[in-house]
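See below for the structure under consideration.
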Amino acid sequence: MLKTINSNKIENLIHHNLKGKNFLQFSDFSTDEILYLLEVAQELKTLQKQGEPHPTLSGKVLGMIFEKSSTRTRVSFEVGMLQLGGHAIFLSSKDIQLGRGECISDTAKVLSRYVDGLMIRTFSHESVEEFAKYATVPVINGLTDLQHPTQVLADLLTILEYKGKLAGLKLCYVGDGNNNMAHSLIEGAVKVGMDISIASPKGYMPNEQIVTNAKEALNGTSLTITNDPIEAINNADVVVTDVWTSMGQEEETAKRLKAFQGFQVNEELCKHAKADFIFLHCLPAHRGEEVTGEIIDGSHSVVFDEAENRLHAQKAILKILLAK
């Protein structure tokens, strides 16, 4: 168990502060709040493995709006609500009035009258922020083009399980720096005291505002942005990558395949990481592009534990934000 909360009084205060809050990006949360979410995720995972019921959200309903397709996000949220004693409703944008032009504010206000929380997986981060502005129930960012905080919370949980700590570790991300995983990894790593390095080709560097904000929040840790994968991965404890072409960028595939040559995570590159590094990938993966089979299917890979931890991390979010 991660020991970060000093007393029941502090724990109760953090829980109270989180209750009813939106979960849109890591920058909205304090270090203690993120570490508390990880503690709760560990507790819920232990209860599930022991076969102990934990229906803390009995009678609660989560509305799930999907404008982007999903495997892990949909299943983990739906199963998570079921295991917590609640219910989840899948709402495709094609099946609700959003797909026919109803404005976000009206949809948010109406759905808030029916459900206890909303999870949204969409393209524009501004859309999620607008939902949160007008909804009167907690809104959870299941993924946008800018951020993917639910995935990165699961990543932090996985790193914690394998390394026994977060603070003081070095995380390296190699690939498209201007994508949701890179952005949420930057924000999440800075919050929990990890050094982070991002290696991306020119033209695919992280969002400048996210980098600026993260650098201002550094507290004895480092953030490195480079075009050199070897520089970035040197002495890394954790190596992460993502697909070179994300959803909605399919027309750029040929251009991206050319631009990202030299940024593949393979055995040669990983020789520069620590001998006991772990490899993460949010999946789905394109073997032979951003990562070789030898790495993602090798002894350093923990991608399926990482995928499982989507369930436990998101149950922690749901339990705390939607709790009675």
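The values are calculated or read from the model by the stated rules, or taken from the named source; none is laboratory data. Please read these numbers as outputs of a predicted model, since none were measured by experiment. Because the Cβ atoms are built from the backbone with ideal geometry, glycine has one as well, and the counts that use them run over all protein chains shown.
Can you tell me which residue among Glu43, Glu78, Glu33, Glu52 is under 27 Å from Asn207 (Cα atoms) and of a type in the set (D, E, K, R)?
One residue alone meets the criteria, Glu33.
Looking only at the stretch 271-284, which residues are surrounded by 20 or more Cβ atoms within 10 Å (Cβ to Cβ) and under 16 Å from the mean Cα position of the chain (by Cα)?
If the condition is that a residue be surrounded by 20 or more Cβ atoms within 10 Å (Cβ to Cβ) and under 16 Å from the mean Cα position of the chain (by Cα), then Phe279, Leu280, His281, Cys282 are the ones that fit.
Taking the options Phe123, Phe90, name whichever one is outside any helix (DSSP H, G or I) and under 22 Å from His183 (Cα atoms).
Phe123
For the stretch 231-253, give me the residue count where each residue is exposed (fewer than 13 other Cβ atoms within 10 Å of the Cβ) and under 17 Å from Ser200 (Cα atoms).
Within the stretch 231-253, residues that are exposed (fewer than 13 other Cβ atoms within 10 Å of the Cβ) and under 17 Å from Ser200 (Cα atoms) number 1.
Name the helices (runs of 4 or more DSSP H) wholly inside the stretch 170-246 in which the number of residues that are over 23 Å from Thr158 (Cα atoms) is 2 or more.
Filter on the stretch 170-246 gives 208-217, 229-233.
Six or more apart or on different chains, Cβ under 9 Å: which pairs go from a residue in the stretch 260-279 that's without any contact (Cβ under 8 Å) to a residue 60 or more places away in the chain and assigned by TED's automatic domain parsing to the domain that holds Lys165 to one that's in a strand (DSSP E or B) and among the aromatic types (Phe, Trp, Tyr)? Could you list them?
Going by the 9 Å Cβ cut-off, the qualifying pairs are Cys270/Phe279.
Restricting to the stretch 34-54, count the residues that are out of contact with any Leu (no Cβ under 6 Å at 6 or more places or on another chain) and either of a type outside the set (Val, Ile, Thr) or assigned to a strand (DSSP E or B) (or both).
Total satisfying the criteria: 14.
Of these, Ser58, Ser124, Ser69, which one is within 30 Å of Met194 (Cβ to Cβ), outside the structural domain of Ile159 (by TED's automatic domain parsing) and either among the hydroxyl-bearing types (Ser, Thr, Tyr) or without any contact (Cβ under 8 Å) to a residue 12 or more places away in the chain (or both)?
Ser124
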